[in-house]
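We did not get these values from a lab; they are worked out from the coordinates using the rules stated. Everything numeric here is computed off the predicted structure, so don't read it as measured data. Note that each Cβ is placed from the backbone with ideal geometry, even for glycine, and that neighbours are counted across all protein chains shown.
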Amino acid sequence: MSKTISFVMIGGFLGAGKTTLIARLAHHYSRAGKKIAIVTNDQAFGLVDTEHLRSEGFSVGEVPGACFCCKFDDLVETAAKLSLEQLPDVLIAEPVGSCTDLMATVIEPMRQIYGDRFQVGPLTVLVKPEHGEKILSGNGKVGFSPKAAYIFQKQIEEANIVAINKIDKLSPERIGHLIESIDSRFPGKKIIPLSGRSGENFDRLVSSIENPELAKRTFMDVDYDIYASGESELGWYNCQISAEMPAVEGGNHGDTGRGKFELDRLVLQLIEEIALELRENRAEPVHLKILGQSKNMTESTHSAIANLVASDAAPELSLKSEIWTNSADLIVNARVATDPNTLEKTVKNVVDRLARRGLVELSLTGIQAFQPGRPVPIHRMTQ
């Protein structure tokens with residue numbers, strides 16, 4: 001390898017908006033003439049984030065089954081495979097949102113073991129306002145346990161750059177309060193309020209990511225018992241859903257649009273009804289996202305993505321496909337503060353209920369429902 005690759009890690013809690021920001025960052029570097037590769041990471045297989053970023057035209061590798069820290073060798077191997085396809089100038093890594101202690105278990109090992117291959121930049125952590133306001137206020141109204149909140153706070157503690165995301169949805173007063181809360185709890189941090197969606201203050205983040213003086217080693221003590229308990233209190237659920245229009249005998253619907261369903265509406269309806277059941281069960285959603293893509297190769301391949309990031313936030317269609325189709329594949333990724341079996345039943349109930357209405361035939365496959373195991377890092381370097 002004749003050149004070093006810039007290694008950029010964008011962390012943050014589940015639902016912080018990492019994928020949206022990473023897509024913007026990747027497009028920014030592509031327009032500047034740089035070659036980009038991305039590595040996503042999750043406890044499960046079949047990620048909405050991976051498919052979304054690939055649909056944006058990027059070379060994306062996936063490290064599933066555990067955090068980067070527990071699959072460090074897989075991260076390096078995946079990066080090497082992407083480099084064989086097209087040697088990138090920038091490698092962007094998106095760790096699973098329930099992971100912390102990245103500086104000691106990923107950043108520093110990359111720097112010490114593979115420093116000849118990668119130029120490791122600052123660790124950026126996105127703050128999710130919906131949970132940041134609850135956790136940092138100290139009023140106890142978090143929505144999930146203090147152990148899960150512990151992970152959220154540790155992510156901020158080790159960050160070189162703390163980016164308060166989604167400010168396009170916040171008032172100036174709320175933005176100011178979040179900045180004050182972070183600065184008082186974690187003094188000396190580089191804090192950047194921004195919007196990964198609208199691009200507000202995005203240039204400030206880019207200049208900070210490219211500033212080597214910010215790439216400081218910020219090691220911290222981590223209680224792995226609390227960390228493991230916090231992760232295990234979240235239910236993980238992934239599945240695929242096949243959506244088909246029922247056959248209409250003797251019908252010819254190709255020209256009128258009848259016999260097809262609106263993909264955006266189906267994805268949003270699914271997440272709205274799942275959100276309603278979670279609220280009734282008092283289960284706090286940490287992040288729920290659904291991606292839909294048409295199976296018809298003659299139709300647009302644009303994706304529809306719906307998100308839910310908190311119990312008191314409305315589900316939203318974050319990416320519109322604006323297509324009608326007679327068949328589609330959907331991917332569901334749900335991380336909720338509840339038992340995974342309860343989460344599985346909730347999704348199945350909603351899918352069955354929508355299918356019984358007879359408008360679209362729905363079938364579930366590829367179900368994964370579990371709680372993450374204890375993190376066991378391959379390396380932990382604090383010297």
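So if I place +1 on the C-beta of Lys and Arg and -1 on the C-beta of Asp and Glu, and nothing else carries charge, what would the dipole magnitude of the chain be about its Cα centre? I want it in debye, nearest 20. Please report the intermediate quantities before stating the final value.
Working: 42 positive and 50 negative charges, 93 e Å.
Once rounded to the nearest 20, the dipole reads 440 debye.
Determine the calculated [θ] at 222 nm for the chain from helices alone, applying -39500 (n - 2.57) to every DSSP H run no shorter than 4 residues and normalising by the residue count; nearest 500 deg cm²/dmol.
Details: 11 runs with 130 residues, N = 383.
That calculation yields -10500 deg cm²/dmol at 222 nm.
Across the range 306-320, computed HN-Hα scalar couplings (Karplus, 6.51 cos²θ - 1.76 cosθ + 1.60, θ = phi - 60°) run 10, 9, 9, 10, 6, 5, 9, 10, 7, x, 9, 8, 7, 9, 9 Hz from first to last residue, x flagging Gly and Pro.
Look at the dipole of the chain built from charges on Cβ: of Leu270, Val60, Ile36, the Cα furthest out on the positive end belongs to Ile36.
Evaluating 6.51 cos²θ - 1.76 cosθ + 1.60 at θ = phi - 60° for every residue in the range 372-380, the Karplus couplings come out as x, x, 5, x, 10, x, 5, 10, 9 Hz, glycine and proline recorded as x. Find the centroid of the Cα atoms in the range 308-323 and in the range 150-172, then give the distance between the two in whole Å. Each part reduced to its Cα centre gives a spacing of 21 Å. Proximity of backbone amide H atoms, modeled 1.01 Å from N, is registered between Thr338 and Gly235 at under 5 Å, excluding neighbours fewer than 5 places apart on the same chain. In terms of other Cβ atoms within 10 Å, Val90, Val360, Val286 run from fewest to most in the order Val360, Val90, Val286. Listed from fewest to most Cβ neighbours within 10 Å, the set Thr100, Thr105, Thr218 follows the order Thr218, Thr105, Thr100. Its alpha carbons considered, the range 57-99 gives a radius of gyration followed by a Dmax of 10.7, 30 Å.
Considering only DSSP beta bridges whose two residues both sit in the chain, what percent are antiparallel, to the nearest 5? If you can, show how the numbers build up before the last one.
Details: 38 of 68 bridges.
Close to 55 percent.
Amide H contacts of Phe118: Ile5, each under 5 Å away and 5 or more positions distant or on a separate chain (H built 1.01 Å from N in the peptide plane; Pro and chain starts excluded). In the range 93-234, a dipole from Cβ-located charges (positive for Lys and Arg, negative for Asp and Glu) runs towards its positive end, and of Val125, Thr218, Ala104 it is Val125 whose Cα lies farthest in that direction.
Treating the beta-carbon of each Lys and Arg as +1 and of each Asp and Glu as -1, no other charges, what is the dipole magnitude of the range 310-365 about its Cα centre, to the nearest 20 debye?
On the way: 7 positive and 8 negative charges, 37 e Å.
The dipole of the range 310-365 has a size of about 180 debye.
Less than 5 angstrom separates the built amide H of Lys190 from those of Val162, all sequence-distant by 5 or more or on a different chain.
Note that the range 324-331 has calculated 3J(HN,Hα) couplings of 10, 8, 9, 7, 8, 10, 10, 10 Hz, one per residue in order, obtained from phi through the Karplus relation 6.51 cos²θ - 1.76 cosθ + 1.60 (θ = phi - 60°); glycine and proline are x.
Neighbour counts of other C-beta atoms within 10 Å: give me Trp236, Trp324 arranged from fewest to most. Write out the running numbers ahead of the final one.
Working: Trp236 22, Trp324 17.
Least crowded to most crowded, the residues run Trp324, Trp236.
Determine the dipole magnitude for the range 234-370: charges of +1 sit on the beta-carbon of Lys and Arg, -1 on that of Asp and Glu, nothing else is charged, the reference point is the Cα centre, and the result goes in debye to the nearest 20. All intermediate terms of the calculation are to be shown ahead of the outcome.
Numbers: 14 positive and 19 negative charges, 28 e Å.
Once rounded to the nearest 20, the dipole reads 140 debye.
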